[in-house]
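The values are calculated or read from the model by the stated rules, or taken from the named source; none is laboratory data. None of the values given here were measured: they were computed from a predicted structure. Neighbour counts are summed over all protein chains in view; Cβ atoms, including those assigned to glycine, are modelled from backbone coordinates with ideal geometry.
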Amino acid sequence: MNARASTAVGVVLLVAGALAGCAVTPADAYEAVLAARAQADAADFARDLYRGPTDTIDDYARWADEKLATHPSVELIGYEAYSGAVHGEPFGALQVRVMLGGQVDPYTACFESKFDYWGVATEEFGDWEDDDAVALPVDCTSDAKPIPPPVDTRPVPVVPDGTEAVVVEVLGTAAPDASPADIVAAVKARMPEPTGDREVAFDPSAVVSEQQIGFAMGDVDDCLLVTRRASGEVEVLSVPRVLLQPGELGCRAETALLPADRLRSPH
């Protein structure tokens with residue numbers, strides 16, 4: 001029996017006891033139903049936040065703010081970073097308030113969920129579906145109120161739109177004795193400026209070897225690889241993402257000079 005089913009059974013027994021004339025009243029039974037629902041709402045909200053690996057609770061606070069519209073009973077009331085957290089352990093927590101039963105004297109409960117690199121964290125592996133393990137009850141302080149998410153000031157590296165055409169032209173017209181620094185400088189001088197919020201251009205790199213030029217710019221998620229063969233032909237390369245991962249070939253200028261059979265997916 002899973003945790004949510006256990007809670008439901010417990011609530012049913014509580015209601016049965018109330019109706020049988022035990023000390024538990026119908027009001028107690030109704031509050032137990034609301035308590036179980038509130039914890040389920042908080043747990044579902046926490047499980048719904050994951051978008052990808054991260055090592056900062058600020059990301060989860062921002063994702064939580066964006067998810068509130070689809071979880072109307074939930075409010076974000078706090079977040080906390082754990083100083084000194086190591087990779088694989090929880091690095092912070094979110095606190096939420098759940099309000100049920102309408103705007104007049106609603107049932108209110110507060111919960112905390114911890115997060116690590118892979119999402120919401122629980123004490124025991126495999127407890128991800130257990131509401132009790134995901135959403136831990138905490139006191140609702142009298143001054144608790146919805147908070148805005150932290151502002152994200154981190155730069156967002158990109159390959160600006162139009163860069164590929166610039167690189168193809170620069171490599172196609174590069175002098176035979178052009179150095180890697182010459183090629184990078186020519187690309188930077190003509191490369192379009194990024195236009196998105198907080199966007200900055202990746203640093204480009206180039207390598208020259210045996211009358212060939214290799215150019216790279218980006219990372220595993222957004223990689224521009226271009227090569228000029230000894231024949232003078234310029235080619236924009238399409239390399240499987242698996243080969244661009246750390247520890248593989250990577251998004252590197254040297255990768256652009258590899259033979260075609262090295263740039264095919266191993267799978």
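Would you be able to tell me the number of residues in the range 253-267 that are surrounded by fewer than 16 Cβ atoms within 10 Å (Cβ to Cβ), of a type in the set (A, V, I, L, M) and at pLDDT 90 or above?
Residues meeting the conditions: 0.
For the condition at pLDDT 95 or above, outside any helix (DSSP H, G or I) and surrounded by fewer than 18 Cβ atoms within 10 Å (Cβ to Cβ), what is the one hit in P157, P176?
P157
Restricting to the range 44-86, give me the number of residues that are among the aromatic types (F, W, Y), within 13 Å of the chain's Cα centre (by Cα) and under 16 Å from F111 (Cα atoms).
Residues that pass the stated criteria total 1.
Could you say whether any residue in the range 157-165 is touching a helix residue (DSSP H, G or I) at 6+ places or on another chain (Cβ under 8 Å) and in the same structural domain as I213 (by TED's automatic domain parsing)?
yes
Taking the stated definitions as given, is A109 touching a residue at least 40 places away in the same chain (Cβ under 8 Å), assigned to a strand (DSSP E or B), within 18 Å of I147 (Cβ to Cβ) and small (G, A, S)?
So A109 passes the test.
It is to be established whether one or more residues within the range 124-133 are buried (at least 17 other Cβ atoms within 10 Å of the Cβ), assigned by TED's automatic domain parsing to the domain that holds H87, more than 15 Å from A38 (Cβ to Cβ) and in contact with a Phe, Trp or Tyr (Cβ under 7 Å, 6 or more places away or on another chain).
Checked against the condition, which is being buried (at least 17 other Cβ atoms within 10 Å of the Cβ), assigned by TED's automatic domain parsing to the domain that holds H87, more than 15 Å from A38 (Cβ to Cβ) and in contact with a Phe, Trp or Tyr (Cβ under 7 Å, 6 or more places away or on another chain), the range 124-133 yields no hits at all.
Using beta carbons and a limit of 8 Å, which pairs, at least six apart or on different chains, have the first residue in the range 58-69 and among the small types (G, A, S) and the second one surrounded by fewer than 16 Cβ atoms within 10 Å (Cβ to Cβ) and not in a helix (DSSP H, G or I)?
A61/P150
Do we find that A29 is among the small types (G, A, S), surrounded by 17 or more Cβ atoms within 10 Å (Cβ to Cβ) and modelled with pLDDT under 95 in this structure?
yes
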